[in-house]
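What follows is a short report on a single structure.
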Amino acid sequence: MRHRVHVRKLGRSTPHRFAMYRNLVTSLLEHEQVETTEVKAKEVRRLADRMITLGKRGDLHARRRALRVIRSRDVAAKVFGELADRFRTRPGGYTRVMKTRYRVGDAAPMSIVALLAPHEGDTAASAGEKPSGRKRAAKGGGAAARAKGGAEKGADKAAAKKQAAKKPAGKKSAAGGAAKSAPRAKAKSTRSKKGS
């Protein structure tokens, strides 16, 4: 049983495993996408998310902690600059793992680890903008919005009445046709009983 085991050893010694993780995280942050096995991808995702969180903190201690993992100072500058700004409003989950294929040699399940693309909605939320009047009215924004909605409903009913008055008298309505067809159905049913 694997109770309280939080580490995937991946058949490697500890220094080899840490070096591999450092290489993968650096490549992921540099190229924003890496293909590797599914198990490695899930481990690398944890480390990459942690590095971006350190980049958002931005102080000297966070920079030193990130440089323990990231192998390139250029990539570290990207994390503390571009990536920190991109994910400023996002509380976590900066990467995604997508399953792709099975490797030809050993049939290992492969996955792509990729950083999320920036969303425009995140930037609007970061600016602290208040929702527009339409959004407030949709949420039930006060007596004025309710009065406006009631006036619109009354106008719709009046327009429907005008349309009904404009219909030509020569054409049958659907309701009238249904009312006339009902007695015929009864007459047919009584005839079939008489015949039998």
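Quick note: the coordinates plus some simple rules give every number you see, no bench work behind them. Given the structure is predicted, the values throughout are model-derived calculations rather than measurements. Counting neighbours? That spans all protein chains shown, and the Cβs are built from the backbone with ideal geometry, glycine included.
Skipping prolines and chain starts, which residues have an amide H placed within reach, meaning under 5 Å, of the one on T100, given they are 5 or more residues away or on another chain?
Correct list: M110, S111, I112.
Through the Karplus equation 6.51 cos²θ - 1.76 cosθ + 1.60, θ set to phi - 60°, convert the phi angles of region 19-36 into ³J(HN,Hα) values in whole Hz; use x for Gly and Pro.
Ordered by residue, 3J(HN,Hα) equals 5, 5, 4, 4, 4, 5, 5, 5, 5, 5, 6, 6, 9, 6, 6, 9, 9, 8 Hz.
When N is the residue count of region 3-73, what does its C-alpha Rg come to as a fraction of 2.2 N^0.38 Å?
This ratio for region 3-73 stands at 1.14.
Can you pull out the GluC sites (Glu not before Pro) in region 1-96 that DSSP calls coil and that have at most 16 other Cβ atoms within 10 Å?
Sites meeting the loop and neighbour criteria: E32.
In Å, what Kirkwood hydrodynamic radius results for region 14-126 from the alpha-carbon pair distances?
Taking the inverse mean of 1/r over all distinct Cα pairs, region 14-126 comes out at 14.6 Å.
Which residue, T36, A107, Y21, has the largest displacement toward the positive end of the dipole of region 14-126 when charges sit on each Cβ (Lys, Arg +1; Asp, Glu -1)?
The Cα lying farthest towards the positive end belongs to Y21.
Can you give the extra length, in nm with one decimal, that the chain gains between H31 and D85 once fully stretched, where that is 0.36 nm per residue apart less the Cα-Cα distance?
17.7 nm is the gain from fully extending H31 to D85.
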